[in-house]
Structure formats: structure tokens, C-alpha cells
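Participant: Can you read through this structure? Questions will come right after.
Derivation of every value follows stated rules applied to the coordinates shown; laboratory data play no part. Remember, predicted model here, so these are calculated numbers, not experimental data. Quick reminder, even Gly has a Cβ in these numbers, built from the backbone with ideal geometry, and neighbours come from all protein chains shown.
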Amino acid sequence: MASHNGSAEDLRIPPVFWGLQHNPEAAAVLRTLVATASPGDARNPWFIADNLITFGHTRGFLTDPRFVAAVTAESPSAHELASVWRTHTLCWAAESALAVPGDFVECGTYQGYSMSVVLRYLDDLRGRRCYLYDVFDPSGLEVEGARLPAHAPELFEQVRARFRRWDNVVVTRGLVPEALTAVAPDHIAFLHLDMNNAQAEADALGVLFKRVSTGGMIVFDDYGWTGDRAQKSAADAFMQSRGLAVLELPTGRGLVIKR
């Protein structure tokens, strides 16, 4: 990766895909396509990463200096960089949420990459606070989903250190919804749910949805993935009971604008 000058060359996207270890035939086809298309460069018509293959889209965010600078400043791993389209939709939703009153909330912060990019992208939350929640070390907590590689007892302090540059960020360790009962804003403009667990996300919505301002943004990270159908079903049921529908994005995310 090049310097943080916001040039198109900064965001060369690696063709990282998920779940192909059990499908060698598809993996072989993908390798052939990658070799033929040579994706990665922002000016190449192909985008092949994060289980998404497109041709002929402009993907202007790959050459947007502000977005490029926000991503590269966080020194993303190959897996984080591959999810660049998802990261951009999160930045778009967060910036759109600045038009309505309320704070920012993320349930399922993990290592903090997504929200750190968002905060760099926005630069100024205009007096708002950002609340981040996770268990950080889910040992023995089956309700919190599968253990991820970085989960460890020290992850909480590592994430706190990552956000230390922003004095308006509150990092909370604990289970949802109990952690939300102890620490949560009364008014929310932006809500990102990435908990890898249908019941946990439903519990979070049960506490937080009524606090989301009209026009506020709700983003579901795992909504459109075949391995997370339970989360999609839970989100759909919750929103439909309130006269709303979740927009499934090609990136796998789901989006709701509260009205």
C-alpha cells in the first residue's frame, strides 16, 4: 500500500473471498478470473473482493481522497481492505446521519477498524458522542457467537487505545442488552449492528430502536450473507412489525432509514 496522499494507487484491493475452502471448484474458477481480470487497481473495470464480483462500475470511493486517507490511516489488513465497499457504505450512512439529532452507536466493535475509519472520514461529529460495545473476550459466552481470531482478554484495552485520540468515544465491555442498560445515549442518529448473533441484535434493537431519531441510519453488517440467515430473519421481523423494510445491499449489509 502506498502513502496516505489520497491517490488512486493507495487502494489496491486484494481478491479476498470467504467460505471457498469447502468449494475447491469455485476457488479454481475464481483464481482464473483474478488472473485474467487483474483486479485491484481503482481504475480497473473489475472489482473482485469480499464475495462481490462486479464489472464496469466506477467505484468512485476508491479514488476519493478523503475516504482513501481514512482507510489507509488505519493500516488495514488484507481482509479489512477487501471489505472496502462495505466500509464505504458505513461512511456514507454515518455522514448522512449527521443531518439528524443523536449520537453514534456500534454494537459489535471487535478490533474497532470500521468505526475508526468512520471517525477519520467524518473528522468532526459536531458535538456528538460515539458509543462502542463488545464483549471483546467471549470465552464461555455462546450467545455472543463464534470466537474470532483477535478475541482475547487484552482486546478491550487494545480497542480503548485505538480510540484514545477521540475524547468523545465511549468503549464499553459487556453483554447486550445489559451493557446498553448501563451505558447508552438517549438519542441516536447512527446505529451499526455487527454482533454475529441474531438474538443479540434483536435484543439491541429492543433497547435502542425507539431512541433512533427519525431519519436516523441503521446498518446491519451481516444481513445479506447466506451463513447469517437467522440475523436477516430477525431484522426483517423486527422492522416489518414497525412498518419498515431492510434494504439488502450487494455488499451483504442491510440498511434502514427510520421514519
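Participant: Report the dimensions of segment 129-259 along its three principal axes from the alpha-carbon atoms, largest first, rounded to Å.
Facilitator: 41, 31, 27
Participant: Still on this structure, please answer the following. Evaluate the distance, in nm, between pseudo-label points positioned 7 Å from the Cα of ALA237 and of THR181 along their respective Cα→Cβ axes.
Facilitator: Inter-label distance under the simple model: 2.2 nm.
Participant: Rank by packing, highest mean first: peptides 164-176, 94-106, with packing defined as the count of other Cβ atoms within 10 Å averaged across residues. Each step should come with its number before you reach the end.
Facilitator: Numbers: 164-176: 16.5, 94-106: 20.6.
Ranking the peptides 164-176, 94-106 by packing returns 94-106, 164-176.
Participant: Tell me what the chain gives for mean residue ellipticity at 222 nm when only DSSP H runs of n ≥ 4 count, each as -39,500 (n - 2.57), the sum divided by the residue total, rounded to 500 deg cm²/dmol.
Facilitator: Details: 9 runs with 88 residues, N = 259.
When only DSSP H runs of four or more count, the value is -10000 deg cm²/dmol.
Participant: Quick one: if you stick a label point 7 Å off each Cα along the C-beta vector at GLU95 and SER75, how many nm between them?
Facilitator: So the label points at GLU95 and SER75 sit 2.7 nm apart.
Participant: Same structure again: Between LEU52 and ALA152, what length comes free when the chain is fully extended (0.36 nm per residue of separation minus the Cα-Cα distance, one decimal in nm)? Please list the in-between numbers first.
Facilitator: Details: separation 100, 0.36 × 100 = 36.00 nm, distance 3.02 nm.
Full-extension gain reported as 33.0 nm.
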